Amino acid sequence: MSPSRRRMHLAAFMNAGPQGTAGWRHPQAATDFLSARYYTDIARTLEAAMFDLAFIPDSLAVPRSLGATFDPAVRWGAGTPRLDPLPVITLMAAVTRHLGLAATVSTGYNQPYNLARSFATLDHLTGGRAGWNVVTSFQDAEAQNFGEAKLPARDSRYARAEEFLAATTRLWDSWADDALVVDKTSGLFGHPDRVESVNYEGEFFRVQGPLGVPRPPQGYPVIIQAGASPTGRDFAARWADVIFCSHESLASAVDFYADMKQRAARHGRDPEQLKILTAATPVVGRTHAEALDKHHGFEDLVVSEAGLSRLA
């Protein structure tokens, strides 16, 4: 495809809960974020706007900050509530035909078999539109909800994530594409010789397999990652289809792009198959002045303590 024919990929990064630090306070903002209609309305809007993807961030704890208290998160809505993203994207999938849908799931506090089963199921039910945003968790509060005093060190979290991806992809590969037959005349449901055990054994996981769900339509769901550290970047370059990033300068973004493409090539991948999506927060108005006025209006809605909590 010539440069003049290249197309921009659009992804919506949205919470399963109130949007932004103070977006929920805007007079025109919907606040029924505990309802199904809230998410199905967003899904229909994104599909009509020709978005490629909607994906939902997540964490497994109510954020604690400003002296290890969760008060700001509840009082000002700074990062809570967070609904389970998998049921949310399933709802969104039911009212769309083309929109890709991705949920964030941590490798730190899940198991490969459960996750492989959930995403394989979703990929089948959506006709190949499922995605997984891979995270390793980032708050000690998450660890404390699973019986640990604090998160493991970064290198240990990424070592677990490497094993998690290795085991999960083997589970998705445990059924050949042609394993399922469902031939009523002969009575043959599937080819046993086209389904294999996994027998994965590592430091963190032991998984026998095979998966109880046939191979997903995409083979694997789309893998999204946002690692920024050297370890995270290398993990993303090895496994991800899509890199999500945020940069404060064009120079930083250009350097990151080049680095990720080079890392992908070192892992034997085609760098063109690695898509990089940079964060942008558009404020839309009929004129520049109207958009700027709207932007300042959102700024005025931010309570200082809420902003500090989010930064912390």
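Numbers for the structure displayed
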| item | result |
| --- | --- |
| Top-ranked residue in region 128-142 [being hydrophobic (A, V, I, L, M, F, W, C) and either open to solvent by 30 Å² or more (accessible area, probe 1.4 Å) or without any contact (Cβ under 8 Å) to a residue 24 or more places away in the chain (or both); ranked as nearest to Ile89 (Cα to Cα)] | Val135 |
| Out of Ala54, Ala43, sole residue that is in a strand (DSSP E or B), closer than 27 Å to Arg129 by Cβ and either touching a strand residue (DSSP E or B) at 6+ places or on another chain (Cβ under 7 Å) or open to solvent by less than 40 Å² (accessible area, probe 1.4 Å) (or both) | Ala54 |
| Residue match in region 277-285 (condition: open to solvent by 80 Å² or more (accessible area, probe 1.4 Å) and modelled with pLDDT of 95 or more) | no |
| Residue list for region 60-114, filter: closer than 17 Å to Thr136 by Cα, open to solvent by less than 10 Å² (accessible area, probe 1.4 Å) and of a type in the set (A, V, I, L, M, F, W, C) | Ala102, Ala103 |
| Flag if Ala12 is in contact with a helix residue (DSSP H, G or I) (Cβ under 6 Å, 6 or more places away or on another chain), surrounded by fewer than 18 Cβ atoms within 10 Å (Cβ to Cβ) and not in a loop (DSSP other than H, G, I, E, B) | yes |
| For Ala264: the one exception among (1) open to solvent by 90 Å² or more (accessible area, probe 1.4 Å); (2) more than 14 Å from Gly23 (Cβ to Cβ) | (1) |
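For (1) out of contact with any Phe, Trp or Tyr (no Cβ under 7 Å at 6 or more places or on another chain); (2) at pLDDT below 95, each residue gets a yes or a no:
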site: Thr107; (1), (2): no, no
site: His124; (1), (2): yes, no
site: Trp132; (1), (2): no, no
site: Leu151; (1), (2): yes, yes
site: Ala161; (1), (2): no, no
site: Trp172; (1), (2): no, no
site: Val181; (1), (2): no, no
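The values are calculated or read from the model by the stated rules, or taken from the named source; none is laboratory data. Every value quoted in this text rests on a predicted model; they were computed, and no experiment measured them. All Cβ positions, glycine included, derive from the backbone under ideal geometry; neighbour counts span all protein chains shown. Heads up: the accessible areas ignore ligands, DNA and RNA and are worked out on the full protein's heavy atoms, side chains in. Shrake-Rupley method; radii C 1.70, N 1.55, O 1.52, S 1.80 Å.
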